[in-house]
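Data block below; observations after.
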Amino acid sequence: MIGIIFIAPPAAGKGTQSDMIRKKYGFEYIGTGDILRKAALEENIEALYIQEEMENGELVDDDLIVDLFEKELSLLNGKNFIIDGFPRNLNQAYKLDMMLEKKGIKKLFVFHIDVPYDTVKTRIIGRLICSNCKTVYNSLIDALKPKNSDICDKCNVKLIKRDDDTESTFSRRFEFYEKETKPLIDYYNDKGYLYHINGSLGSNEIFNQIDVILKGYIEND
Ligand code: AMP
(Lines give C-alpha, C1' and ligand atoms only; values in the text may rest on other atoms or scores of the structure.)
Protein backbone atom coordinates (compact mmCIF):
# COMPACT_ATOMS: atom_id res chain seq x y z
CA MET A 1 0.00 0.00 0.00
CA ILE A 2 1.41 3.34 -1.12
CA GLY A 3 -0.02 6.67 0.08
CA ILE A 4 0.32 10.28 -0.94
CA ILE A 5 -0.42 13.35 1.14
CA PHE A 6 0.03 17.05 0.41
CA ILE A 7 1.21 19.94 2.50
CA ALA A 8 0.02 22.97 0.59
CA PRO A 9 -1.95 26.19 1.13
CA PRO A 10 -5.58 26.46 0.02
CA ALA A 11 -5.91 26.56 -3.81
CA ALA A 12 -2.39 25.22 -4.39
CA GLY A 13 -3.87 22.77 -6.89
CA LYS A 14 -4.05 19.65 -4.67
CA GLY A 15 -7.34 18.61 -6.28
CA THR A 16 -5.94 18.99 -9.80
CA GLN A 17 -2.78 17.07 -8.94
CA SER A 18 -4.83 14.35 -7.25
CA ASP A 19 -6.87 13.97 -10.45
CA MET A 20 -3.73 13.71 -12.58
CA ILE A 21 -2.15 11.13 -10.26
CA ARG A 22 -5.42 9.22 -10.15
CA LYS A 23 -5.64 9.11 -13.94
CA LYS A 24 -2.06 7.93 -14.41
CA TYR A 25 -1.61 5.61 -11.43
CA GLY A 26 -5.19 4.66 -10.51
CA PHE A 27 -4.81 5.60 -6.84
CA GLU A 28 -7.97 6.01 -4.75
CA TYR A 29 -8.84 9.53 -3.56
CA ILE A 30 -9.94 10.79 -0.16
CA GLY A 31 -10.63 14.53 0.15
CA THR A 32 -11.57 15.74 3.63
CA GLY A 33 -13.06 18.99 2.23
CA ASP A 34 -15.46 16.86 0.13
CA ILE A 35 -16.25 14.59 3.09
CA LEU A 36 -17.12 17.63 5.20
CA ARG A 37 -19.14 19.35 2.45
CA LYS A 38 -21.22 16.16 2.21
CA ALA A 39 -21.60 15.84 6.00
CA ALA A 40 -22.68 19.50 6.12
CA LEU A 41 -25.76 18.66 4.00
CA GLU A 42 -27.23 16.32 6.62
CA GLU A 43 -30.04 17.57 8.85
CA ASN A 44 -28.45 17.46 12.27
CA ILE A 45 -26.48 19.59 14.74
CA GLU A 46 -23.13 18.24 13.52
CA ALA A 47 -23.95 19.47 10.00
CA LEU A 48 -24.72 22.97 11.29
CA TYR A 49 -21.44 23.00 13.20
CA ILE A 50 -19.49 21.92 10.10
CA GLN A 51 -21.20 24.54 7.90
CA GLU A 52 -20.32 27.29 10.36
CA GLU A 53 -16.68 26.27 10.75
CA MET A 54 -16.18 25.95 7.00
CA GLU A 55 -17.85 29.26 6.22
CA ASN A 56 -15.63 30.99 8.77
CA GLY A 57 -12.47 29.32 7.45
CA GLU A 58 -11.91 27.52 10.77
CA LEU A 59 -10.67 23.96 11.06
CA VAL A 60 -13.31 21.54 12.28
CA ASP A 61 -12.70 19.63 15.49
CA ASP A 62 -9.90 17.04 15.24
CA ASP A 63 -11.89 14.15 16.75
CA LEU A 64 -14.72 14.70 14.26
CA ILE A 65 -12.55 14.83 11.13
CA VAL A 66 -10.33 11.96 12.31
CA ASP A 67 -13.43 9.84 12.79
CA LEU A 68 -14.91 10.71 9.37
CA PHE A 69 -11.54 10.21 7.69
CA GLU A 70 -10.87 6.84 9.32
CA LYS A 71 -14.20 5.52 8.03
CA GLU A 72 -13.23 6.47 4.44
CA LEU A 73 -9.76 4.99 4.84
CA SER A 74 -11.20 1.68 6.00
CA LEU A 75 -13.17 1.42 2.72
CA LEU A 76 -9.95 1.33 0.69
CA ASN A 77 -9.15 -2.29 1.47
CA GLY A 78 -5.41 -1.85 1.08
CA LYS A 79 -5.50 0.04 -2.24
CA ASN A 80 -3.00 2.83 -2.96
CA PHE A 81 -4.41 6.23 -2.08
CA ILE A 82 -4.12 10.02 -2.26
CA ILE A 83 -5.29 12.15 0.65
CA ASP A 84 -6.29 15.74 -0.03
CA GLY A 85 -6.74 18.00 3.00
CA PHE A 86 -5.57 15.75 5.82
CA PRO A 87 -3.61 15.96 8.09
CA ARG A 88 -3.92 19.69 8.70
CA ASN A 89 -2.07 19.81 12.04
CA LEU A 90 0.37 17.75 14.11
CA ASN A 91 -2.32 16.05 16.16
CA GLN A 92 -4.00 14.79 12.96
CA ALA A 93 -0.60 13.67 11.66
CA TYR A 94 -0.01 11.53 14.79
CA LYS A 95 -3.46 9.98 14.35
CA LEU A 96 -2.77 9.30 10.66
CA ASP A 97 0.56 7.65 11.53
CA MET A 98 -1.22 5.23 13.85
CA MET A 99 -3.90 4.41 11.25
CA LEU A 100 -1.34 3.81 8.48
CA GLU A 101 0.88 1.71 10.70
CA LYS A 102 -2.11 -0.52 11.50
CA LYS A 103 -2.83 -0.84 7.77
CA GLY A 104 0.80 -1.82 7.11
CA ILE A 105 1.62 1.02 4.71
CA LYS A 106 4.74 0.44 2.61
CA LYS A 107 5.56 3.97 1.51
CA LEU A 108 4.15 7.42 2.25
CA PHE A 109 4.97 10.32 -0.09
CA VAL A 110 4.50 13.78 1.38
CA PHE A 111 4.50 16.47 -1.31
CA HIS A 112 5.02 20.00 -0.06
CA ILE A 113 3.64 22.25 -2.81
CA ASP A 114 4.97 25.73 -2.24
CA VAL A 115 2.86 28.55 -3.75
CA PRO A 116 3.22 32.29 -3.02
CA TYR A 117 0.50 34.00 -0.92
CA ASP A 118 -0.66 36.39 -3.67
CA THR A 119 -1.04 33.58 -6.18
CA VAL A 120 -3.31 31.47 -3.99
CA LYS A 121 -5.28 34.55 -2.92
CA THR A 122 -6.15 35.41 -6.55
CA ARG A 123 -6.99 31.77 -7.27
CA ILE A 124 -9.40 31.61 -4.33
CA ILE A 125 -11.12 34.94 -4.69
CA GLY A 126 -11.75 34.52 -8.43
CA ARG A 127 -12.43 30.76 -8.37
CA LEU A 128 -15.59 29.51 -10.12
CA ILE A 129 -16.42 25.81 -10.43
CA CYS A 130 -18.72 24.02 -12.84
CA SER A 131 -21.38 22.27 -10.76
CA ASN A 132 -21.51 19.50 -13.35
CA CYS A 133 -18.00 18.66 -14.65
CA LYS A 134 -16.06 20.39 -11.80
CA THR A 135 -13.84 22.34 -14.23
CA VAL A 136 -12.24 25.25 -12.37
CA TYR A 137 -12.34 28.76 -13.91
CA ASN A 138 -11.12 32.07 -12.55
CA SER A 139 -12.74 35.46 -13.08
CA LEU A 140 -9.47 37.26 -12.18
CA ILE A 141 -7.04 35.30 -14.38
CA ASP A 142 -7.39 35.98 -18.13
CA ALA A 143 -6.31 32.50 -19.24
CA LEU A 144 -8.91 30.90 -16.96
CA LYS A 145 -11.94 33.13 -17.56
CA PRO A 146 -15.04 31.35 -18.91
CA LYS A 147 -16.22 32.59 -22.31
CA ASN A 148 -19.56 33.74 -20.78
CA SER A 149 -19.13 35.26 -17.34
CA ASP A 150 -20.70 32.51 -15.21
CA ILE A 151 -21.40 29.62 -17.60
CA CYS A 152 -19.23 26.52 -18.13
CA ASP A 153 -17.62 26.48 -21.61
CA LYS A 154 -18.06 22.70 -21.82
CA CYS A 155 -21.43 21.94 -20.20
CA ASN A 156 -23.30 25.23 -20.58
CA VAL A 157 -24.39 25.05 -16.93
CA LYS A 158 -24.01 27.76 -14.30
CA LEU A 159 -20.68 28.11 -12.50
CA ILE A 160 -20.75 28.22 -8.72
CA LYS A 161 -18.60 29.93 -6.12
CA ARG A 162 -17.71 27.98 -2.97
CA ASP A 163 -19.15 29.64 0.17
CA ASP A 164 -15.68 29.73 1.72
CA ASP A 165 -13.94 31.31 -1.29
CA THR A 166 -14.15 34.86 0.07
CA GLU A 167 -11.37 37.28 1.00
CA SER A 168 -11.96 37.13 4.76
CA THR A 169 -12.31 33.34 4.86
CA PHE A 170 -9.20 33.01 2.73
CA SER A 171 -7.14 35.07 5.22
CA ARG A 172 -8.29 32.84 8.06
CA ARG A 173 -7.61 29.64 6.08
CA PHE A 174 -4.14 30.86 5.15
CA GLU A 175 -3.43 31.80 8.76
CA PHE A 176 -4.33 28.26 9.82
CA TYR A 177 -2.10 26.87 7.10
CA GLU A 178 0.87 28.93 8.30
CA LYS A 179 0.31 28.21 11.98
CA GLU A 180 -1.04 24.66 12.09
CA THR A 181 -0.17 22.89 8.85
CA LYS A 182 3.31 24.18 8.01
CA PRO A 183 4.92 22.52 11.08
CA LEU A 184 4.17 19.23 9.27
CA ILE A 185 7.00 20.06 6.86
CA ASP A 186 9.61 19.51 9.58
CA TYR A 187 7.70 16.58 11.01
CA TYR A 188 7.69 14.62 7.74
CA ASN A 189 11.15 15.82 6.73
CA ASP A 190 12.55 14.27 9.92
CA LYS A 191 10.88 10.99 8.95
CA GLY A 192 12.41 11.18 5.46
CA TYR A 193 9.03 11.29 3.68
CA LEU A 194 9.11 14.88 2.38
CA TYR A 195 9.48 16.05 -1.23
CA HIS A 196 9.49 19.76 -2.14
CA ILE A 197 7.49 20.71 -5.24
CA ASN A 198 7.66 24.12 -6.91
CA GLY A 199 3.99 25.15 -7.04
CA SER A 200 4.40 28.47 -8.83
CA LEU A 201 4.42 26.65 -12.21
CA GLY A 202 1.46 25.43 -14.29
CA SER A 203 -0.38 22.24 -13.34
CA ASN A 204 1.39 20.10 -15.97
CA GLU A 205 4.83 21.21 -14.76
CA ILE A 206 3.81 20.56 -11.16
CA PHE A 207 2.58 17.11 -12.12
CA ASN A 208 5.87 16.38 -13.94
CA GLN A 209 7.80 16.97 -10.71
CA ILE A 210 5.50 14.61 -8.82
CA ASP A 211 5.49 12.06 -11.61
CA VAL A 212 9.31 11.79 -11.71
CA ILE A 213 9.33 10.95 -8.00
CA LEU A 214 6.49 8.41 -8.19
CA LYS A 215 7.83 6.78 -11.35
CA GLY A 216 11.32 6.51 -9.82
CA TYR A 217 9.90 4.70 -6.80
CA ILE A 218 7.46 2.43 -8.65
CA GLU A 219 10.03 1.38 -11.28
CA ASN A 220 12.59 0.44 -8.62
CA ASP A 221 10.12 -1.24 -6.31
P1 AMP B 1 -10.59 22.10 1.52
O2 AMP B 1 -11.65 21.68 0.55
O3 AMP B 1 -9.54 21.07 1.74
O4 AMP B 1 -10.03 23.47 1.23
O5 AMP B 1 -11.33 22.23 2.96
C6 AMP B 1 -12.40 23.15 3.16
C7 AMP B 1 -12.64 23.35 4.66
O8 AMP B 1 -12.97 22.10 5.28
C9 AMP B 1 -11.45 23.87 5.45
O10 AMP B 1 -11.29 25.28 5.38
C11 AMP B 1 -11.81 23.41 6.86
O12 AMP B 1 -12.84 24.22 7.40
C13 AMP B 1 -12.43 22.03 6.60
N14 AMP B 1 -11.42 20.94 6.63
C15 AMP B 1 -10.98 20.17 5.57
N16 AMP B 1 -10.07 19.26 5.97
C17 AMP B 1 -9.92 19.46 7.31
C18 AMP B 1 -9.10 18.85 8.31
N19 AMP B 1 -8.22 17.86 8.01
N20 AMP B 1 -9.19 19.31 9.58
C21 AMP B 1 -10.06 20.29 9.92
N22 AMP B 1 -10.85 20.93 9.03
C23 AMP B 1 -10.79 20.52 7.74
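Of the residues 66, 120, the single one that is within 17 Å of the chain's Cα centre (by Cα), at pLDDT below 95 and of a type in the set (A, V, I, L, M) is 120. Of 59, 73, 68, all but one fail to be in a helix (DSSP H, G or I) and near the ligand (Cβ under 10 Å from one of its atoms); the exception is 68. Taken over the range 163-210, the criterion of being in contact with a helix residue (DSSP H, G or I) (Cβ under 7 Å, 6 or more places away or on another chain) and among the acidic types (Asp, Glu) is satisfied by 163, 164, 165, 167.
Regarding the range 134-142, can at least one residue be identified that is outside any helix (DSSP H, G or I) and within 11 Å of the ligand (Cβ to nearest atom)? Checked against the condition, which is being outside any helix (DSSP H, G or I) and within 11 Å of the ligand (Cβ to nearest atom), the range 134-142 yields no hits at all.
Considered as a group, the residues in the range 9-34 that are more than 8 Å from the ligand (Cβ to nearest atom) and of a type in the set (Val, Ile, Thr) include one that is surrounded by the fewest Cβ atoms within 10 Å (Cβ to Cβ), and that residue is 16. Can you name the residue in the range 131-151 that is touching a strand residue (DSSP E or B) at 6+ places or on another chain (Cβ under 6 Å) and touching a residue at least 24 places away in the same chain (Cβ under 8 Å) and, of all such residues, is surrounded by the most Cβ atoms within 10 Å (Cβ to Cβ)? Checked the range 131-151; the qualifying residue surrounded by the most Cβ atoms within 10 Å (Cβ to Cβ) is 136.
In the set 154, 121, which member is surrounded by fewer than 14 Cβ atoms within 10 Å (Cβ to Cβ) and not hydrophobic (A, V, I, L, M, F, W, C)? Just a single option satisfies the conditions, and that option is 154.
Within the range 156-169, is even one residue of a type in the set (Ser, Thr, Tyr) and at pLDDT 95 or above? No; the residues of the range 156-169 include none that is of a type in the set (Ser, Thr, Tyr) and at pLDDT 95 or above.
Evaluate the range 196-204: report whether one residue or more is within 18 Å of residue 17 (Cα to Cα), assigned to a helix (DSSP H, G or I) and at pLDDT 95 or above. Quick ask: steps written out before the conclusion?
Initially, the range 196-204 is screened for residues within 18 Å of residue 17 (Cα to Cα), giving 196-204.
With the extra rule that they be assigned to a helix (DSSP H, G or I), the set shrinks to 203-204.
Next, from what is left, pick out any that are at pLDDT 95 or above: 204.
Looking through the range 196-204, at least one residue is within 18 Å of residue 17 (Cα to Cα), assigned to a helix (DSSP H, G or I) and at pLDDT 95 or above.
Screening 37, 88 for residues that are without any contact (Cβ under 8 Å) to a residue 60 or more places away in the chain and either surrounded by 19 or more Cβ atoms within 10 Å (Cβ to Cβ) or within 18 Å of the chain's Cα centre (by Cα) (or both) leaves exactly one candidate, 37.
With the requirement that a residue be modelled with pLDDT under 95 and loosely packed, with under 12 Cβ neighbours inside 10 Å, what does the range 172-195 give you? 175 - this is the single residue of the range 172-195 that is modelled with pLDDT under 95 and loosely packed, with under 12 Cβ neighbours inside 10 Å. Scanning the range 76-109 for residues that are closer than 25 Å to residue 16 by Cβ, charged (D, E, K, R) and within 14 Å of the ligand (Cβ to nearest atom) returns 84, 88.
On inspection, residue 72 qualifies as surrounded by 17 or more Cβ atoms within 10 Å (Cβ to Cβ) and among the charged types (D, E, K, R). Between a residue in the range 155-168 that is touching a residue at least 12 places away in the same chain (Cβ under 8 Å) and any residue that is charged (D, E, K, R) and away from the ligand (no atom under 14 Å from the Cβ), which pairs come within a Cβ distance under 7 Å, given they are 6 or more apart or on different chains? Listed by first residue and then by second, the contacts come to 158/150; 159/150.
Just checking, which of 154, 121, 95 is out of contact with any helix residue (DSSP H, G or I) (no Cβ under 7 Å at 6 or more places or on another chain), charged (D, E, K, R) and not in a strand (DSSP E or B)?
Working: 121 fails: out of contact with any helix residue (DSSP H, G or I) (no Cβ under 7 Å at 6 or more places or on another chain); 95 fails: out of contact with any helix residue (DSSP H, G or I) (no Cβ under 7 Å at 6 or more places or on another chain).
Within the list 154, 121, 95, the selection yields 154.
The values are calculated or read from the model by the stated rules, or taken from the named source; none is laboratory data. Since the structure is predicted, the reported quantities are computational estimates derived from the model, not experimental observations. Methodologically, a virtual Cβ is constructed for each residue, glycine included, from the backbone with ideal geometry; neighbour enumeration extends over all protein chains shown.
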